[in-house]
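Before any comments, here is the structure.
The values are calculated or read from the model by the stated rules, or taken from the named source; none is laboratory data. No experiment lies behind these values; they were computed from the predicted model shown. Cβ placement follows ideal geometry from the backbone for every residue including glycine, while neighbour counts extend to all protein chains displayed. Ligands, DNA and RNA are stripped out before the accessible areas are found, and what is left, the full protein with its side chains, is counted by its heavy atoms. Shrake-Rupley method; radii C 1.70, N 1.55, O 1.52, S 1.80 Å.
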Amino acid sequence: MKYSQEPEIFTQETAKPYRGGPISVSGPSAVGKSTISKLLAKRLKYHMLDLDDEVAKEVGFVTTKEVIQKEGHPYFKEIQHAVLQKITESMSSDYVLAAGGEIVRLGYDQGLIKENRILIKKHTYNICLIPSIDLDEIVNILFPRLDDGKRDTR
């Protein structure tokens, strides 16, 4: 299958400059948000949060996959939004947030998706990770990584 949508690519010359403050790292599932966020937080000496871990902890589960399997996807998306809102609106220190792979994923509650995007834009400097500018290559790279125990792999 050939994908026709081309991603918008920002380079060092065209991206908005980072001027301090909280950072969110977004992107598709399995792209490496948690890994990159840990490295970035360590380098900047910021607190690191993983949204998936925070969501699971909020409802007493170990993984988001468990949340989805036991409570359903709509419930997961509501909790995810509530936790994102709590983090972005109440954290007083600088942090790096590995924003879950589904935080702005289309196909779910569009109102929550819009609110999530507003929260991320308003409260953080967002870095979106993609493994390639070629969408077919993105699928080939990420698809084998999806069964990591953190998400619903329907």
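Listing for the model above:
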quantity	calculated
At R0 = 22 Å, FRET efficiency that the Cβ-Cβ distance of residue 39 and residue 63 yields, to 0.05	0.50
Computed accessible area, residue 47, all protein chains, 1.4 angstrom probe, square angstrom	100
Two-site label geometry, residue 129 and residue 141: point separation in nm, points 7 Å out along Cα→Cβ	1.0
Only Lys, Arg (+1) and Asp, Glu (-1) charged, at Cβ; the stretch 24-129 dipole about Cα centre in debye	420
Greater than 19 Å apart at Cα, pairs in 86/114; 42/121; 42/65; 33/70; 38/77	42/121; 42/65; 33/70; 38/77
